[in-house]
1. With the condition kept exactly as written, say whether any residue in the range B:171-178 is within 14 Å of another protein chain (Cβ to nearest Cβ), crowded, with 21+ Cβ neighbours inside 10 Å and touching a Pro at 6+ places or on another chain (Cβ under 7 Å).
2. Take residues that are surrounded by 17 or more Cβ atoms within 10 Å (Cβ to Cβ) and tell me which of the strands (runs of 3 or more DSSP E) falling wholly in the range B:1-103 contain 3 or more.
3. With respect to residue A:115, determine if the residue is within 14 Å of chain B (Cβ to nearest Cβ), of a type in the set (Gly, Ala, Ser) and touching a residue at least 60 places away in the same chain (Cβ under 8 Å).
4. If you check every pair at least six apart or on different chains, which have Cβ atoms under 6 Å apart with a residue in the range B:200-228 that is touching a residue at least 60 places away in the same chain (Cβ under 8 Å) first and a residue that is charged (D, E, K, R) second?
5. Here are B:276, B:281: which of them is at the interface with chain A (Cβ under 9 Å from one of its Cβ atoms) and either touching a Lys or Arg at 6+ places or on another chain (Cβ under 8 Å) or surrounded by 20 or more Cβ atoms within 10 Å (Cβ to Cβ) (or both)?
6. For the range B:115-145, how many residues meet the condition of being at pLDDT below 60, surrounded by 14 or more Cβ atoms within 10 Å (Cβ to Cβ) and assigned to a helix (DSSP H, G or I)?
7. Strands (runs of 3 or more DSSP E) wholly in the range B:219-293 with at least 3 residues that are touching a Cys at 6+ places or on another chain (Cβ under 9 Å) - which ones?
Amino acid sequence: MEVELDAFSGRPNPRWRLHPHQAREFTNKLHRLPRQHKRAASAEQGLGYRGFIVTGTGDELGSYDEVVVTSSSVRARSGSVSHYFENQDRALERWLLETMRGRVDQALYTYVLGSLS
Amino acid sequence: MLKVTADIFSGRPNPTWIVDGQEAQAVLRELALNREAWVAQEELGAEAGLGYRGLIIEPQSDTLTQEYGLPQSLRINTGQALAEQKGQEIAERLIPGMLDYPSITEASLDSSVQQQLLENITTPAVQVGPVTMSERELEPKREEIKAEAADCQIESVTLNLAFWNDPNVVTQNNCYNYASNRRTNTFAQPGRACGHQYDVDNITCDEVTRGALCDGARVRANCVPGGEAPRWFMALVVWPGRDYHWYRYSSEGFWGHKPGRTPARNTDDSGRVVWNPETANRGPYTNFCGYFYARSPMVVR
């Protein structure tokens, strides 16, 4: 399972692989999120930190192709169909941020941490 | 049949008239073909201010809104549409004919009101929507940018969101693709096409500039001859040590940009239209590097 920090404009976004136990934990967290019935306005299209994009191979993400975690929601996409979940207290972003440690430079980690506060 | 309301008065009822027949069909066609010339009423922010605030156009049947794919109520000539010039042209078409149609409010349609409207078409007194004073203060700077660009000839086109935000390619093109107006689907990097990409461990204005010049861009002071048109006008900013970002001047007078894999847009991180990339809210891209021209020999990859 791979995580992409969606923050850059010109350069490719930083990406890293989750350890198998982290991948399982992510899937468990995803499945516990409550459904979002009223879709929040998407505000994650500007410059700087926008969110995380998680992709998996095979059935790592269950039936989903991609999970996009932003401040307003968690969007799990399967083909052209998306399901939305609540990103309660931005907990899933914070968890993904911790998986960045040691894989991207500390200053970038600190910047994203500041964006989440 | 269309109901047209000139939003100009504060206390008195606004002048409102009905346009029908072939003229109504022609206006509806223009609106349907130029969707960036208007703003749906429901998408506008709070209306504020005194003076001319644009024309409100309301197709008078559900059939018409469905046939032309238009909302129940829209507004042109507000200063807020992406293709404002086209909206102005439609207003210039409607207002001269207003005296030919019956008024449907207490306000009489007379030539003095018409004259007042004609004088205000080009300059809506107050823009509708989230416009702040700081944006207004930027206007002189915007003119200055245009004037300086005019010393060297440039080309520009209107913001084409459909082209850049096509779901099949939107994630494969970045700010450099957008600014150079080259949709390569390669997430282009300055200097990669010429074999001398910028140093990823040293993201500075100088380093990204070096890569872009190697690809064939030119700095602002070096005018590009007409034989190398189209000459797109670009601006470069840098997030020190991390990343870079480019903007491209649009013929509407604002700057468009495409933040990474996300859709192209013409607003900054505060949601304001980018009239000036030097003062726009650029998030962490704090260093403004300068202006450049893309030109026909430029290659990006």
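The values are calculated or read from the model by the stated rules, or taken from the named source; none is laboratory data. Keep in mind the model is a prediction, meaning the values are calculated, not measured. Heads up, the Cβs are rebuilt from the backbone with ideal geometry, glycines too, and the neighbour counts pull from every protein chain shown.
1. First pass over the range B:171-178, keeping only residues within 14 Å of another protein chain (Cβ to nearest Cβ): B:171-178.
Narrowing further to those that are crowded, with 21+ Cβ neighbours inside 10 Å: B:173-178.
If we keep only those that are touching a Pro at 6+ places or on another chain (Cβ under 7 Å) as well, we get B:175-176.
There is at least one residue in the range B:171-178 that is within 14 Å of another protein chain (Cβ to nearest Cβ), crowded, with 21+ Cβ neighbours inside 10 Å and touching a Pro at 6+ places or on another chain (Cβ under 7 Å).
2. On the way: elements: B:2-6, B:16-19, B:38-40, B:55-59, B:74-76.
The strands (runs of 3 or more DSSP E) meeting that bar are B:2-6, B:16-19, B:55-59, B:74-76.
3. Answer is yes for this residue.
4. B:224/B:218; B:224/B:231; B:224/B:295; B:228/B:295
5. On the way: B:276 fails: at the interface with chain A (Cβ under 9 Å from one of its Cβ atoms).
On inspection, the qualifying residue turns out to be B:281.
6. So the count comes out to 3.
7. Details: elements: B:232-239, B:243-249, B:255-257.
In the range B:219-293, the matching strands (runs of 3 or more DSSP E) lie at B:232-239, B:243-249.
Condition check ((1) farther than 20 Å from residue A:5 by Cα; (2) away from chain A (no Cβ under 11 Å); (3) buried (at least 20 other Cβ atoms within 10 Å of the Cβ)) across all residues:
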{"site": "B:163", "(1), (2), (3)": "yes, yes, no"}
{"site": "B:180", "(1), (2), (3)": "yes, yes, yes"}
{"site": "B:183", "(1), (2), (3)": "yes, yes, no"}
{"site": "B:190", "(1), (2), (3)": "yes, no, yes"}
{"site": "B:195", "(1), (2), (3)": "yes, yes, no"}
{"site": "B:198", "(1), (2), (3)": "yes, no, yes"}
